[in-house]
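Take a look at the structure below.
What follows draws every value from the coordinates through simple rules; no lab data is involved. Please read these numbers as outputs of a predicted model, since none were measured by experiment. When we count neighbours, we look across all protein chains shown, and the Cβ atoms used for this are built from the backbone with ideal geometry, even at glycine.
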Amino acid sequence: MDTMTYDTLVIGSGIAGLTFALKIADHRKVAVVTKKEKVETSTNYAQGGIASVLSPDDSFDLHIQDTLNSGDGLCNPDVVEMVIKNGPNRIHELAEMGVRFQLSQQDSVPFDLAREGGHSRSRIVHSQDMTGREVERVLVAMAENHPNISIFENYIAIDLIVECHLLKRGLRTTQRQERCWGAYVLDIEGNRILTFLARDTLLCTGGAGKVYVYTSNPDVATGDGVAMAYRAGAEIANMEFVQFHPTCLYHPHAKNFLISEAVRGEGGRLIDKRGHDFMAKYHPLKDLACRDVVARAIDTEIKQSGDDCVYVDISHRDADFLRRRFPGIHEKCLSLGIDITRDSIPVVPAAHYICGGVRTDKYGRTSIQHLYALGESACTGLHGANRLASNSLLEALVFAHNAAADINSRPSAPTEKISFPEVPPLEMPLNANDSEMVLIAYNWDIIRRLMWNYVGIVRRDNRLRLAQNHLAQIQREINEHYPNISLNSDLIELRNLATVAELIVNCALKRHESRGLHFNIDHPQKDDDRWQQDTTIRLDQWS
Ligand code: SIN
């Protein structure tokens, strides 16, 4: 059976994909494909929590204002309002499903609420410093037990099946209206390519932090959804806005480990090697300024001092409190010889979140019919030029809810009655030359270093153009060798990383100003007259 047919294909098993799947599965057959084990998602590593208005001293207006301030003129105000007003319901829903958020000690507020940068109130619900893991635990358990949800672990999507690709292979006459019919998927362990046909396809593939050599993201974050959507001709927006988290643990044996912003929310201070705090020089909100400001401040301090890192210090707080509030961070640091109850924690900024992605409307619908994008792979208008901390899990929950409502509003017909087009199988290359596999490892490394050095926190036009030229060369190599190397997940991810890197660079080159997360020394000012607009890119697949 090389063709599988479902009502809905969900690519990715994080908070967006599983929440969505659970909301439609009572009436539809759902396939969830995920390229590693089902819990191995960005969600699983989210420490801070979910921002929402849940206390009497907070208000929707304040959360909306904080989100708009952080977004620096590029948020869609209607989307911001819709997401924030939906927040409390989505949080209560998760709690009812069994997610154990830390409870409050006060009668007036149900949950303990943390503070993070850019928030004017404490409003982050959390499960200590392992919120994502707790949410994922509950969602996976429910999805596994749902009779209409089939989860395919170690299956990686290769490309979407869209009309223009079918047409190019001479297989279908169509009006010039793009539509998605599912995806080609590699069964990694079985080493075979399957055709997943579906009436609706959801991209819930998370972020693309792996495009940079230093990132807080897990290995799975290779921008697969954005790259596939781009190749299929979907509209992509705002890829230049890459969020660098100010405080990733700096230690040779600490791979991708975050020191949550909640540590600064509980009083942690940024200091340099000599113990001097420096944030007052950069912003009146000091350590709790928005992330773009804090990350650039640290970058400046490191460049000026020549030091390898700066430090977060929270050792003035009670040791028992720290062990209870930050068990994950405490344990990880201790395993590396850093006792956060006594020592300062060495940190550097690292790529954390892509605010851009596949452009969607309020229901997660993309510019291609029957293709949706949710979570970090989407650009919904919520984050604008700089995402407010802990607004991302909230966005994933709300848009998963809306997309499910959109699909559930259509009558469900048995899958067998859908008239799918004749989709030819995607074949593994015959005569594969696997001696060329070295190209994969080499180009992975080159892309990630190039992006860090030329397209990082502070940018310049000439460095962006150099990056563009290098990436074009790498793309040519990949395109040349792609058909001749056995398909494997490293190659599929490399192809996606190269595409995402190009999208980031091309969007960055289009924006001749500095705004939010995009800071270009050659255009240091914000220019609302010319650039208060999204940067969009689309591959014309029909010409
Ligand atoms: C953190 O815990 O600092 C990360 C939260 C986020 O990125 O929203």
Going toward the positive end of the dipole of the chain, with +1 on Lys and Arg Cβ and -1 on Asp and Glu Cβ, which of Pro252, His119, Leu503 do you reach last?
-> Leu503
D (µm²/s, integer) via Stokes-Einstein for the range 480-543, Kirkwood Rh across alpha-carbon pairs, 37 °C, 0.692 mPa s: value 228
Determine the principal axes of the Cα atoms in the range 51-127, then give the extent along each, sorted from largest to smallest and rounded to whole angstroms.
-> 36, 22, 19
FRET E, pair Leu103, Ala432, Förster distance 41 Å, beta-carbon r, rounded to 0.05 | 0.15
In what order do Trp452, Trp181 fall by count of nearby beta-carbon atoms within 10 Å, going from fewest to most?
-> Trp452, Trp181
Extension gain, Phe420 back to Asn89 (0.36 nm per residue minus Cα-Cα distance, nm) | 115.5 nm
Scan the chain and hand back the longest stretch that contains none of the GluC sites (Glu not before Pro) lying in DSSP loops with at most 10 other Cβ atoms within 10 Å.
-> 190-421
So in the chain, what percent of DSSP beta bridges are antiparallel if you round to the nearest 5?
-> 60
Based on the Cα atoms of the chain, what semi-axes does the equivalent ellipsoid have, where each is the square root of 5 times one gyration tensor eigenvalue, given in whole Å with the largest first?
-> 36, 27, 22
Column: log10 I(q)/I(0), Debye, Cα scatterers of the range 396-536, q = 0.09, 0.17, 0.19 Å⁻¹ | -0.49, -0.96, -1.02
Percent relative contact order for the chain, counting Cα pairs under 8 Å at least six residues apart, stands at 22
Could you give me the ³J(HN,Hα) list for the range 2-8, computed from phi with Karplus coefficients 6.51, -1.76, 1.60 and θ = phi - 60°, whole Hz, x at Gly and Pro?
-> 9, 10, 10, 10, 9, 5, 9
Could you tell me the distance between the Cα centroids of the range 240-264 and the range 434-464, to the nearest Å?
-> 20
What residues have an amide H closer than 5 Å to that of Gly182, excluding those fewer than 5 places away on the same chain, when H is modeled at 1.01 Å from N in the peptide plane?
-> Ile161, Ala198
Provide, as a two-decimal number, the C-alpha radius of gyration of the range 347-427 over 2.2 N^0.38 Å, N being how many residues it has.
-> 1.42
Using θ = phi - 60° and the Karplus relation 6.51 cos²θ - 1.76 cosθ + 1.60, list the HN-Hα couplings for the range 487-503 in order, rounded to whole Hz, with x at every Gly or Pro.
-> 5, 9, 5, 4, 5, 4, 5, 4, 4, 5, 4, 4, 5, 5, 4, 4, 5
Listed pairs Lys168/Lys510; Lys281/Lys303; Lys273/Lys303; Lys286/Lys332 exceeding 22 Å between Cα atoms | Lys168/Lys510; Lys286/Lys332
For the range 143-158, Karplus couplings with θ = phi - 60° (6.51, -1.76, 1.60), whole Hz, Gly/Pro x = 5, 4, 8, 8, x, 9, 10, 10, 9, 10, 7, 6, 10, 10, 5, 9
